[in-house]
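Structure, as structure tokens:
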Amino acid sequence: MIGLDIARALRHAGMRWRPASGDAFVIDRPELESDVFTVSDMTIEPHEFDTGTILGFNGTTEWALDSLALEDALWLPREEQLRSLLGGTFRSLRRIDVDVDGDGDGGVVYRVDITLGGGTSSFEAADPAVAYASALLALIEAADATH
């Protein structure tokens, strides 16, 4: 799962969320950020109004929250959602074994390659979702720079 900082950066860059069943989110307030919620057809449902989308909590949570404006929720997209958002720019995801000091106890990083600015750009992270999110953030920022 991606962290809150990169999720905020994606939202700030312009990534839009249309809530669907299975989507994870947090309430974007410091005192509530540790609780991850999941949109579900039974417990948390998106409701579309002329004024915007509201996430309705259907009485099964322990605390009193009836609804939440979409702008108060911070989407934590899954790996496959991030890959899908990259669209035709996505080229590959590779797992790379890292052994910096040669002692055999290195870690693993994931490299996402996308087409960006006429070439290929790579983004690495210990979690593939974070690598995808970094690539998507660069793609959104590059698109904004050209408009």
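The values are calculated or read from the model by the stated rules, or taken from the named source; none is laboratory data. As the structure is a computational prediction, the values presented were derived from the model and not from experiment. Note that we place each Cβ from the backbone using ideal geometry, even for glycine, and neighbour counts take in every protein chain shown.
Just to verify a result, which residue in the range 58-70, among those that are touching a Ser or Thr at 6+ places or on another chain (Cβ under 9 Å) and at pLDDT 75 or above, is surrounded by the most Cβ atoms within 10 Å (Cβ to Cβ)?
Quick first cut of the range 58-70, residues touching a Ser or Thr at 6+ places or on another chain (Cβ under 9 Å) only: 58-61, 69-70.
The next check asks that each one be at pLDDT 75 or above; those that pass are 69-70.
Working: Ala69: 11, Leu70: 18.
Step by step, filter the range 58-70, then rank; the result is Leu70.
Considering only residues of the range 68-83 that are in a helix (DSSP H, G or I) and touching a strand residue (DSSP E or B) at 6+ places or on another chain (Cβ under 7 Å), which is nearest to Val109 (Cα to Cα)? Walk me through it before giving the result.
Residues of the range 68-83 that are in a helix (DSSP H, G or I), as a first pass: 70-72, 79-83.
This time we only want the ones that are touching a strand residue (DSSP E or B) at 6+ places or on another chain (Cβ under 7 Å), so: 70, 72, 83.
Numbers: Leu70: 33, Asp72: 32, Arg83: 17 Å.
This residue is Arg83.
Just to verify a result, which residue in the range 1-39, among those that are assigned to a loop (DSSP other than H, G, I, E, B) and β-branched (Val, Ile, Thr), is modelled with the lowest pLDDT? Give the derivation first.
First, the residues of the range 1-39 that are assigned to a loop (DSSP other than H, G, I, E, B): 1-3, 14-23, 28-29, 33-35, 39.
Those left that are additionally β-branched (Val, Ile, Thr): 2, 39.
Working: Ile2: 96, Val39: 86.
Step by step, filter the range 1-39, then rank; the result is Val39.
Name the residues in the range 9-19 that are in contact with an Asp or Glu (Cβ under 8 Å, 6 or more places away or on another chain) and closer than 13 Å to Leu136 by Cα, would you?
Those that are in contact with an Asp or Glu (Cβ under 8 Å, 6 or more places away or on another chain) and closer than 13 Å to Leu136 by Cα: Ala13, Gly14.
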